[in-house]
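One structure is given below, encoded as structure tokens.
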Amino acid sequence: MTKRIEFQLAATDGAARTGTIRTTRGDIRTPAFMPVGTAATVKAMMPESVAATGADILLGNTYHLMLRPTAERIARLGGLHDFMNWQGPILTDSGGFQVMSLADLRKLTEEGVAFRSHIDGSKHMLTPERSMEIQKLLGSDIVMCFDECPALPATDKAVAESMELSMRWARRSKEAFGDRPGHALFGIMQGGVTQELRGISAEKLKEIGFDGYAIGGLAVGEGQEAMFGVLDYAPAMLPEDKPRYLMGVGKPDDIVGAVARGVDMMDCVLPSRSGRTGQAWTRQGQVNIKNARHADDPRPLDEHCTCPACRNYSRAYLHHVFRAQEMISGMLLTWHNLHYYQEIMSGMRQAIAAQRFDAWQQGFHSTRAMGDI
Ligand code: GUN
Ligand code: ZN
């Protein structure tokens, strides 16, 4: 019998938690940061390099893969893991969020979302049922419910109606997903920045019953203070014995603040995307490698980092290859950023296990400069 995905909590410190999600493709140590591999690649990284940074799980995207190369083609070629040469767990987002931010000519109905591809203008329809089918064809280990994420600010009425629609879609997602041992289905809480709506959303999701629960609808322009305001109550509305996943977050200090409030999993394009635009995240703060003051600097990006970019190259070299638009620039900076993010995660896991997460957080904040370094 294929075993089910299980979550084992090992320790808590305040609201923060550490544990392990056991999957048929390997363990995910939590709190976990998932690098984003939207189009069947973490851009500029070989899969073995992504694993070397300490990532246990990647995120893939229904929206991008259904359009190109299509889920059916990936299924014919043996599924997403073999296709992209990543044998660890993969979580796939369900498509609704990406349709709303990327697709052209969207039409939202009770049934789902009709849209045109941002790549070639072709017509498509995503529904909860179709999203479940695509994520099954991909072979995703953790499947996300099909939901709608309203852009903030929005009126309470609009946020409430959108949340209710997402909850109806969550029920349809669960029915369409069926019983698939070895694969997990996560519900997604919505409700904007309104506590009452978050509470209603949590109750509906718990009534349906999921293997894990995501907090959606954040990091959409509300700002860190408002996001932390929601995270002060939202995680506790979700079952304690299931993983909690904050979608699309964030900067290093967002991640630390989210874990402090009870979040177990996160994903964000930030470390990989900013690596390709010359932005590095370090213990001391952000470094903009294109700045001319790095041109003669023989020091590494971060003296304390053990990644290949910091061990083997100077800021001067990283500055040069960025300015010369050499491909190694994106490769090295992405590696560094992902490595740094994973060091934050492992630091938090150890600190929570040792009941010294407060001290760890103080250390994290004390080394950081306010501006660019
Ligand atoms: N990614 C970031 N936020 C969201 C959200 O609210 N829903 C989904 N499906 N994906 C997200
Ligand atoms: Zn480094």
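The values are calculated or read from the model by the stated rules, or taken from the named source; none is laboratory data. All of these numbers come straight from a predicted model, not from anything done at the bench. All Cβ positions, even for glycine, are placed from backbone atoms using ideal geometry, and neighbour counts span all protein chains on display. For accessibility, only protein heavy atoms count, side chains too; no ligands or nucleic acids. Shrake-Rupley method; radii C 1.70, N 1.55, O 1.52, S 1.80 Å.
Summary of computed values
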read-out	value
In the range 318-373, the residues that are without any contact (Cβ under 8 Å) to a residue 60 or more places away in the chain, assigned to a helix (DSSP H, G or I), over 26 Å from residue 12 (Cβ atoms) and not β-branched (Val, Ile, Thr)	318, 319, 320, 322, 323, 329, 332, 333
Selection status of residue 94, under 22 Å from the mean Cα position of the chain (by Cα) and buried (at least 20 other Cβ atoms within 10 Å of the Cβ)	yes
Residue check, residue 210 surrounded by 15 or more Cβ atoms within 10 Å (Cβ to Cβ) and either of a type in the set (Val, Ile, Thr) or outside any loop (DSSP other than H, G, I, E, B) (or both)	no
Criterion: more than 20 Å from the chain's Cα centre (by Cα) and at pLDDT below 95 - qualifying residue of 2, 70, 24, 12	2
Residue satisfying condition, being open to solvent by 10 Å² or more (accessible area, probe 1.4 Å), away from ligand 2 (no atom under 11 Å from the Cβ), among the β-branched types (Val, Ile, Thr) and at pLDDT 95 or above, within set 373, 352, 289, 328	328
Identity of the residue in the range 306-331, among the hydrophobic types (A, V, I, L, M, F, W, C) and out of contact with any helix residue (DSSP H, G or I) (no Cβ under 7 Å at 6 or more places or on another chain), that ends up farthest from residue 44 (Cα to Cα)	324
Scope the range 298-315; condition more than 8 Å from ligand 2 (Cβ to nearest atom) and closer than 19 Å to residue 368 by Cβ; matching residues	299, 303, 304, 315
Selection from the range 197-250 of residues that are more than 19 Å from residue 11 (Cα to Cα) and among the charged types (D, E, K, R)	198, 203, 204, 206, 207, 211, 222, 225, 232
